[in-house]
Structures are given as C-alpha cells and as structure tokens.
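Colleague: I have a structure I would like to understand better, so I am pasting it below and will then ask my questions one at a time.
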Amino acid sequence: MANGHKYSITDLLGLKGFKVSDMREEEGAFVIEVQVKSEEADCPRCGSRDLYRHGKAKPRKALHALLNGHKVYLEIHGRQRCKCKYCGRTFTQELEIIKPRSRSTKYAEVLVLRLLSLMSFKAVSKLLKISYGRVKKVLMEALAMIKLPELVADDLKELHIGIDEHSFRHQEMAIMVTDVRAKRVLGILKDYRLSTLEEFLKKIPPHKVKEVCIDMKEGFRKLAQRLFPKADVVVDHFHVIANANKYMDEARRIEQDVTNKGKVKIPKKIFLVGFERLSEEGVKKLDELLSKYPNLKDFYWAKEKLRKLYSAKDKGEASKQLELVIMNLKASDDA
Ligand SMILES: [Zn+2]
C-alpha cells in the first residue's frame, strides 16, 4: 500500500475523525481511548446556540467491536458540557457514533445484528459476553427502525423467505424473517404468535415471493401456503432431521421408562449420530440395543432413511425413498 494512510486501522474500526490517544488491555478486553472534538451545538431544550462552555464530561465507555474474540471498548474522552445562556439547561455534547445513554456504539449494534442473522440469541450473547437482555434491546431498537415496505420493495426482485424461531434462555422466542438468498434480515417479530407473523408477511408483495423456508411447524406451512400460493414452501433439511431425532429420542425415553421401571438407562447418543459415523464397535452395540429394544427399530431406520434422502441423486429417487419411509412408518406397530 503506497498510500498507507488510506486504510488505517482507525478507519476500519469506524473511528474516522477521532484522535486515538491510548490503547490498553483491561480484563481480557481492549480499550481504545479516543478524544472528541467539541462541535457547535444547539440547546436541546430551546435550540439556542448561545452557550457557555461548562467543562468536560466524564469519560464514557461503550462496547464497540469484537477482535479475535476479545471485546473492544471505546473510552470516549473530552465531550463538551454546555450550559444554555438563554434557558439555563446544561447538557453534554452528543456524538454521531453512539445513541444517548447507550452502552454500545452503533458500530457494535450493527455487529450484533449481523451476528443475529447467523446465529441464535444465546450464541451472540455468549460470544460478545453481553446479556441476552442487551442483545434483545439492540434488536428491538433496530426493529423499530425497519420500515418493511421500503425494505422489500427496494432492490430485491425475488424473495426467498426464511422463517426462523430464535430462542433466548430456552424460553422466550422471537421469529426472525430473513431473505435466505440475499442473507438479509427482513424483520424480527416481537413475539412468536402466528398472528404477528401473518401481519408481517402480509406487507410483502406476494408476487415477489418464490420460496418460503420454514421449520416443521404445521402452522407456518399453512400460513405460507395461504399467503404465497405460488411460492415453494420448503422445510429446511436441518429441521427435518432434528424432528426425526426428536421422535427417536422420545421413543428411547419411553422405552427406558417402561422397561425395568426406568432403572436401566438406554444410551442416547448412539441412536442420534449418523450410522456411517459409528465405529465397528458402535455398529455392534447398536445391533445389540436394537434387538434388545425392538420397539426402537422403526424409529431408528426411519431417521436414517430420512437422512439418506438428502444424498439421493435426483428428486425422483428421493421421492421414491420418501414414499417408502412413509409406507414403512404407516405399517409399523406405532404408526
Ligand atoms: Zn436553552
């Protein structure tokens, strides 16, 4: 780079125009100390520009970024305190990069939103080591600013909608609507009610929607088909297998409770990993378990056949295999 100043680290960190006065490490985090220039301000109460300078505000620390797994804080120094000559109000200089009283900069909030389009609330909160409450707050504030008609009508000619439920603390859920192709968040709903989802989806022009990707929820499927009759409604294969695994494990638990009055544990994991990933010993063990607990056989093979479906060479073969799975399940004792 001939022009070394063009892409400096401070620009990359969104700190253009700030003077970095120090960097230090503090409890495993980086702290970047920046100095702000005082700017012309208006009184927030009366709009007057006739102000006394009233000293500097205390430094303010805010979460700013994540570098190699470490949190990066900004410590903002030198914000001007002012007092209005006209109405007497005292106030502190506001900055473009951070909302009043927020504990994270806008830069950090964008990071949170990006991460949330890739992973769960829990994962983001763990990665950034911030409470789920703060993650949620960032999200809800962003949501308040999203104006859907602008978002979906702009540059995307086709929409491939993904509907996902994200949980935080295993209990609270929120629905996130994304465009799976453009990898963009279209909206995050306040709750997981079907009516809230419907209200949101109704704002999307149906002719644009080519595909809707959902989990196994019957309600989602019906809603998607009703609102977007021309779109393909697809269940993500991750959810299909997760669902098969859920039934598999339920069957195992019931078997465990019923035989030997729950005193003997039936191993869990061996039934859930893919058959091809079992060692020779594992296969032997599996065979033993399946002949000892024959009720689990149908569940196990259904799960394995569903997994195999996804490596079928074409759609025709896959649908033949699927028919077979369905037929076998219908014929089983526990249909
Ligand atoms: Zn004033």
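Colleague: Which FRET efficiency, nearest 0.05, do TYR247 and LYS269 yield, Cβ-Cβ r, R0 25 Å?
Modeller: So the FRET efficiency works out to roughly 0.95.
Colleague: Follow-up. Give the span of region 99-145's Cα atoms along each principal axis, as three whole-Å numbers ordered largest to smallest.
Modeller: Principal axes ranked by extent give 27, 20, 17 Å for the Cα atoms.
Colleague: For region 1-92, run through the chymotrypsin sites (Phe, Trp or Tyr not before Pro) and keep only the ones in DSSP coil with at most 12 other Cβ atoms within 10 Å of their Cβ.
Modeller: When the chymotrypsin sites (Phe, Trp or Tyr not before Pro) of region 1-92 are filtered for loop state and at most 12 Cβ neighbours within 10 Å, TYR7 remain.
Colleague: Quick one: pull the percent of accessible area on region 9-98 belonging to carbon and sulfur, 1.4 Å probe, ligands and nucleic acids left out.
Modeller: The value for region 9-98 is 47 percent carbon and sulfur by accessible area.
Colleague: Which one of ASN328, ASN260, ALA244 has its Cα pushed farthest toward the positive end of the charge dipole of region 238-331, where Lys and Arg give +1 and Asp and Glu give -1 at the Cβ?
Modeller: The residue sitting farthest along the positive end of the dipole is ASN260.
Colleague: Keeping all protein chains in place, calculate the accessible area per residue for the chain (probe 1.4 angstrom), answer in Å².
Modeller: Ligands and nucleic acids excluded, the result is 64 Å² per residue.
Colleague: Here are some pairs, LYS37/LYS129; LYS71/LYS208; LYS99/LYS210; LYS190/LYS230; which of them have Cα atoms lying more than 29 Å apart in this structure?
Modeller: LYS37/LYS129; LYS71/LYS208; LYS99/LYS210
Colleague: Using the Cα centre as the reference, give the magnitude of the dipole from point charges on the C-beta atoms of region 99-145 (Lys, Arg: +1; Asp, Glu: -1; all else neutral), rounded to the nearest 20 debye.
Modeller: Dipole magnitude for region 99-145 comes out near 200 debye.
Colleague: While we're looking at this one, here's another question. What are the DSSP H helices in the chain that stretch 30 Å or more along their long axis, judged by alpha-carbon atoms, and whose average Kyte-Doolittle hydropathy comes to at least 1.0?
Modeller: Helix filter hits for the chain: none.
Colleague: While we're on this one: Top to bottom by accessible area (1.4 Å), largest first, where do GLU199, GLU255, GLU141 land?
Modeller: GLU199, GLU141, GLU255
Colleague: Roughly speaking, what is the stretch gain from SER319 to ASP232, that is 0.36 nm per residue apart minus the C-alpha to C-alpha distance, in nm to one decimal?
Modeller: Between SER319 and ASP232, full extension yields an extra 29.7 nm.
Colleague: While we're looking at this one, here's another question. Where the accessible area of region 209-335 is counted over protein heavy atoms with a 1.4 Å probe, how much of it, in %, is carbon and sulfur?
Modeller: Its accessible area is 55 percent carbon and sulfur atoms.
Colleague: Starting from the eigenvalues of the Cα gyration tensor, five times each then square-rooted, give me the equivalent ellipsoid semi-axes of the chain, largest first, whole Å.
Modeller: Result for the chain: semi-axes of 53, 26, 19 Å.
Colleague: Using only protein heavy atoms and a 1.4 Å probe, report how much of THR196 is accessible, in Å² to the nearest 10.
Modeller: The accessible area of THR196 comes to roughly 30 Å².
Colleague: Work from the charge dipole of region 9-98 (Cβ charges, +1 for Lys and Arg, -1 for Asp and Glu, about the Cα centre) and give the residue of THR10, ILE98, CYS84 farthest towards its positive end.
Modeller: CYS84
Colleague: Using a simple spin-label model with points 7 Å from Cα along the Cα→Cβ vector, what separation in nm is obtained for SER291 and ARG193?
Modeller: For the pair SER291/ARG193, the computed spacing is 5.6 nm.
Colleague: Answer rounded, prolate or oblate for region 9-98, using the Cα gyration tensor with square roots of eigenvalues a ≥ b ≥ c: rounded when a/c is under 1.5, else prolate when a/b is larger than b/c, else oblate.
Modeller: The shape class here is prolate.
Colleague: Here's something else I'd like to know. Top mean-square fluctuation among LYS71, LYS136, LYS320, Gaussian network model of the chain, C-alpha springs under 10 Å?
Modeller: LYS320
Colleague: Between LYS246, LYS292, LYS190, which gets the highest mean-square fluctuation from a Gaussian network model of the chain, Cα cutoff 10 Å?
Modeller: Taking springs between Cα atoms under 10 Å, the residue moving most is LYS292.
Colleague: Divide by every residue of the chain the summed helix terms, -39500 (n - 2.57) for each DSSP H run of at least 4, and state the resulting mean residue ellipticity at 222 nm, rounded to the nearest 500 deg cm²/dmol.
Modeller: One gets -11500 deg cm²/dmol as the mean residue ellipticity at 222 nm.
Colleague: Charges at C-beta only: +1 for Lys and Arg, -1 for Asp and Glu. How large is the resulting dipole of the chain about its Cα centre, in Debye rounded to 20?
Modeller: 1200
The values are calculated or read from the model by the stated rules, or taken from the named source; none is laboratory data. Quick caveat: nothing in here was measured; it's all calculated off a predicted structure. All Cβ positions, even for glycine, are placed from backbone atoms using ideal geometry, and neighbour counts span all protein chains on display. Quick note on the areas: whole protein, heavy atoms, side chains included, nothing else; ligands and nucleic acids left out. Shrake-Rupley method; radii C 1.70, N 1.55, O 1.52, S 1.80 Å.
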